[in-house]
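First comes the structure, then the notes that go with it.
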Amino acid sequence: MNAAELIERKKRGEELGAEELGDFISGYVRGDVPDYQAAAFLMAVWFRGLTPAETYALTDAMVRSGETVDLAARLGRRVVDKHSTGGVGDKITIAVGPVVAACGVPFGKMSGRGLGHTGGTLDKLESIPGFRVELSTDELVEQTREIGIAVAGQSANLVPADKKLYALRDVTATVDEVSLIAASIMSKKIAGGASALVLDVKVGEGAFMRTVEEARRLAEVMRALGERAGMDVVCVLTDMEQPLGQAVGNAVEVREAVACVSGGGPADFRELVVDAAAQLLALSDLGVDEAEGRVRAEAALADGSALATYERWIRAQDGDPDLSVLPVAPVVRTLRSPRAGFVRELRAREVAVVAMELGAGRHEAGDPIDHAVGVVCVKKRGDAMEAGEPLAEIHARDEDAADTAEEALLAAYDIGAEPPEARPLVLEVIR
């Protein structure tokens, strides 16, 4: 394999073979292909794209770059997983996992950390004192067998090609190419060993995919990759014009997730939790359809079994499930509405930036985060309020940070005299 020739051919728009793509990726992981040639390849792909065959070959090469886990074979059961393409206030994994496990279906998942305006499940879970995200493969398997749920960080030996390529994509402005996004996500899911996957593809102002058309294209590519690898995949396109639920941060999102598994929580968040759980139960080996899956998910939330499973899960990974031990910000300030009216828009990305600047997120990989800080959006799109009524809460480290956040958060709200038209939360389901 001649790396320069391969780059030249892709630059001209030619289709590359599976073997040469595999050789290129393995050479890059070994260090035989330098970063500057990998960067040139990524840019050629960004301009020319990849065919379905090339996308699968790239994904397969990335999977084969490290170890793989066959959870289904080791457990003797179908194991389900759920993945989000990244949103604001998206803490669904923390709630849907216990619901699915409480219904008797193994839920095994390797999660990631947040970067930029989107939050990461591992960061949220690490706001729980003592919670351990580093699990060996054997620990992941045994905990899924015994508790029904395990959520851990990606093993260092799982898809090392993705770690190297993603870091390079981040600094070469090649993150937002559909085939590269799909290969990155699906290589980790295929290597992680789940039998079935629900992909929550976020759409809108607070997502990487801004339009339904872009999201649909990404969903169809990821679904095809999963099917070729023998995985059942359902893609759900969901609205991300405003934050999901009310909480945006880390500890504040854990509190909201626990409220949901306790039978409460914001209506939009609960809707997506039940929807994802129903899809996963229908993909499981229980032999139920989606309607029955929804009935069972609702029952797990109502009868306390989802909460009990959540608590067993957190303890199994050395965390304390008592909400009173979660970190609390020193300053909690109420943002009040300057006038009466309706929330016409609540811009998700702007809310996320406020939370990130408070310290809840990171600008670069490796930046420290403050688990206590964040935003709670008391009023959301369509809600009515009087002048002086609470719009949101700002959880800050100090008064100066709260001052800065207050002005920026108010700017994220569009308040008008008339209510906006209703907008669905689930935009499309692709099976």
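Contact map, region 11-33: first residue of a type outside the set (Asp, Glu), second residue part of a loop (DSSP other than H, G, I, E, B), Cβ cut-off under 7 Å, separation 6 or more or different chains; pairs are 24/1; 24/33; 25/65; 26/65; 27/1; 27/33; 29/65.
On the basis of being assigned by TED's automatic domain parsing to the domain that holds residue 258, free of Cβ contacts under 8 Å to residues at least 12 places away in the same chain, more than 30 Å from residue 204 (Cα to Cα) and of a type outside the set (Ser, Thr, Tyr), does residue 318 make the cut? Considered against the rule, which asks whether it is assigned by TED's automatic domain parsing to the domain that holds residue 258, free of Cβ contacts under 8 Å to residues at least 12 places away in the same chain, more than 30 Å from residue 204 (Cα to Cα) and of a type outside the set (Ser, Thr, Tyr), residue 318 comes out as no.
Number of residues in region 1-24 that are of a type in the set (A, V, I, L, M) and in contact with a Lys or Arg (Cβ under 8 Å, 6 or more places away or on another chain): the value is 1. When residue 253 is tested against the conditions (1) under 29 Å from residue 329 (Cβ atoms); (2) of a type outside the set (Ser, Thr, Tyr); (3) free of Cβ contacts under 8 Å to residues at least 40 places away in the same chain, the lone failure is (3).
The set of residues in region 170-181 being part of a helix (DSSP H, G or I) and under 19 Å from the mean Cα position of the chain (by Cα) consists of 170, 178, 179, 180, 181. Here residue 352 clears all of (1) under 30 Å from residue 141 (Cα atoms); (2) assigned to a helix (DSSP H, G or I) except the condition numbered (1). When we screen 148, 120 for residues that are modelled with pLDDT of 90 or more, of a type in the set (Gly, Ala, Ser) and crowded, with 18+ Cβ neighbours inside 10 Å, the only hit is 148. Residue-level analysis places residue 271 among those that are surrounded by fewer than 19 Cβ atoms within 10 Å (Cβ to Cβ), of a type in the set (D, E, K, R), under 18 Å from the mean Cα position of the chain (by Cα) and not in a loop (DSSP other than H, G, I, E, B). Flag: residue 333 matches the condition of being over 29 Å from residue 149 (Cα atoms), touching a helix residue (DSSP H, G or I) at 6+ places or on another chain (Cβ under 7 Å), in contact (Cβ under 8 Å) with a residue 40 or more places away in the chain and of a type in the set (Lys, Arg).
Determine whether residue 122 is more than 20 Å from residue 209 (Cβ to Cβ), in contact with a Ser or Thr (Cβ under 7 Å, 6 or more places away or on another chain) and not in a strand (DSSP E or B). Yes, satisfied. Within region 73-87, residues that are under 19 Å from residue 236 (Cα atoms) have Cβ atoms under 6 Å from residues that are of a type in the set (Phe, Trp, Tyr) and in a strand (DSSP E or B) in these pairs: 80/107, counting only partners at least 6 apart in sequence or on another chain.
For region 156-169, a tally of residues being in contact (Cβ under 8 Å) with a residue 60 or more places away in the chain and either surrounded by fewer than 20 Cβ atoms within 10 Å (Cβ to Cβ) or of a type in the set (Asp, Glu) (or both) returns 6.
Which residues, counting only those in region 285-318, are assigned to a loop (DSSP other than H, G, I, E, B) and under 21 Å from the mean Cα position of the chain (by Cα)?
Selection gives 317 alone.
The listed residues are 59, 144, 55, and the only one of them that is assigned by TED's automatic domain parsing to the domain that holds residue 303 and either in a helix (DSSP H, G or I) or closer than 30 Å to residue 14 by Cα (or both) turns out to be 144.
For region 12-59, the set of residues classified as over 28 Å from the mean Cα position of the chain (by Cα) and β-branched (Val, Ile, Thr) consists of 33 only.
The values are calculated or read from the model by the stated rules, or taken from the named source; none is laboratory data. Because the structure is a prediction, the values reported are computed rather than measured. Every residue, glycine among them, receives a Cβ derived from its backbone with ideal geometry; neighbour counts consider all protein chains shown.
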